[in-house]
Amino acid sequence: MTSAFAAAAANPAADPAASAGPASPLEIRAFDAPVGAEVLGLDLSQPLDQQTFAQIRRAHLDHHVLVFRDQRITPDQQIAFSRRFGPLQIHVLHQFQLQGHPEVLIVSNIVENGKPIGLGDAGYFWHSDLSYKEKPSLGSLLHAQELPAEGGDTLFANMHLAWDTLPAHLRSAVEGKSAEHTYLAKYAELQKRSPWRPNLSAEQVAQVKAVVHPVVRTHPETGRKALFVSEHFTTRIIGLPEDESQSLLDELFAHSVRPEHLYRHRWAEHDMVFWDNRSLMHLAAGTPDHLRRKLYRTTIEGDVPF
Ligand code: SIN
């Protein structure tokens, strides 16, 4: 159990978003997919009692992606729910914070008065959120604000399955190895193809110094192993020559996103999706340029991977 969960569970009175009321009748309906479940019977605009919170937390660990339909919630309510799971992380691209709510990153392709209102290419490459930090994200929550009539799906890859099914020669190649993760890995490439990547200030660059994490991490709450490398942020495997490192990473990336490891989320109005970055990678499948898409993202801090 992480310390944030442990603190909230051990001392409900310390949690301002908690309610002592009776548990709501909650149903967790698993998808016919390698990850994911829908949570029915919950209104996230209301404070959650401890029992309901514990059910959600358990479902999150079991299914890795939870979908809450038709949630008419404000940014403050999204923040309050997210905080139940731990402290929130502030994205380095402060340009795309929701005004008055620095914990909310606007994910959007909308341009107003010649200026992008959000990060339109978040998720262009497969990744686990904030894996470039010493403490990568525990999980992220994305709340739909405005959806395109077509496209705009989000794909999730089950990295436990990726590890469990990894061929023996790749397992032995990566066991005990570490890899470098950096926010800047694809930044210049993204900058060339989109209006969403402003030049970073020296202060922003200082916030995203490269870090090293194990290639195979152990989930701190379930003990399950997962591959923890991504095409967006992982640049090299420590201790290997450059060409060997790149070809090994390419094999790991290709294996991770095999179709049998994936769930594709097709967004509906007011969906809230909550995923586990310790178990998954995700990808934004893309939105046609002429259609508008806007979502609000909160990101919960996790542990140092081991
Ligand atoms: C993200 O990577 O957080 C955004 C995913 C999406 O826009 O579907």
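The values are calculated or read from the model by the stated rules, or taken from the named source; none is laboratory data. The model shown is predicted, which means the values in this text are computed figures rather than measured ones. Cβ: placed from backbone, ideal geometry, glycine included. Neighbour counts: every protein chain shown. These area figures cover heavy atoms from the full protein model, side chains too; ligands, DNA and RNA do not enter into them. Shrake-Rupley method; radii C 1.70, N 1.55, O 1.52, S 1.80 Å.
Note on LYS135 and ALA188: the extension gain reaches 16.7 nm, defined as 0.36 nm multiplied by sequence separation minus the Cα-Cα distance.
Coupling constants for segment 271-276 follow from the phi torsions by the Karplus curve (6.51 cos²θ - 1.76 cosθ + 1.60, θ = phi - 60°), and in residue order they are 5, 10, 10, 10, 10, 9 Hz; glycine and proline get x. With the cut-off at 1.5 for a/c, could you classify segment 122-171 from its C-alpha gyration tensor as rounded, prolate or oblate? Judged from the Cα gyration tensor, segment 122-171 comes out oblate (a/c at least 1.5, b/c at or above a/b). Label positions at VAL111 and ALA210, each projected 7 Å from the Cα along the C-beta direction, are separated by 3.3 nm.
Segment 78-94 and segment 267-296 have Cα centres lying 17 Å from one another.
Only protein atoms count toward the accessible area here, which uses a 1.4 Å probe; on the chain, the carbon and sulfur part of that area reaches 51 percent.
Convex hull volume of the Cα atoms of the chain, normalised per residue: 133 Å³. Accessible surface for segment 3-301, divided over its residues, is 43 Å² per residue with a 1.4 Å probe. Descending by average beta-carbon neighbour count within 10 Å, the peptides 187-196, 88-97 line up as 88-97, 187-196, the highest first. Each helix, a run of at least 4 DSSP H residues, gives -39500 (n - 2.57); summed and divided by the residues of the chain, these come to -6500 deg cm²/dmol at 222 nm. The relative contact order of the chain, computed from alpha carbon pairs under 8 Å that lie at least 6 residues apart in sequence, is 31 percent.
Pairs LYS225/LYS294; LYS115/LYS209; LYS186/LYS225; LYS133/LYS177: which exceed 22 Å Cα-Cα? Beyond 22 Å: LYS225/LYS294; LYS115/LYS209; LYS186/LYS225. Charge tally around TYR187: other residues with Cβ under 13 Å, Lys/Arg +1 each, Asp/Glu -1 each, net +2. For the peptides 231-241, 102-112, 269-279, the ranking by packing is 269-279, 102-112, 231-241, with the highest mean count of neighbouring Cβ atoms within 10 Å listed first.
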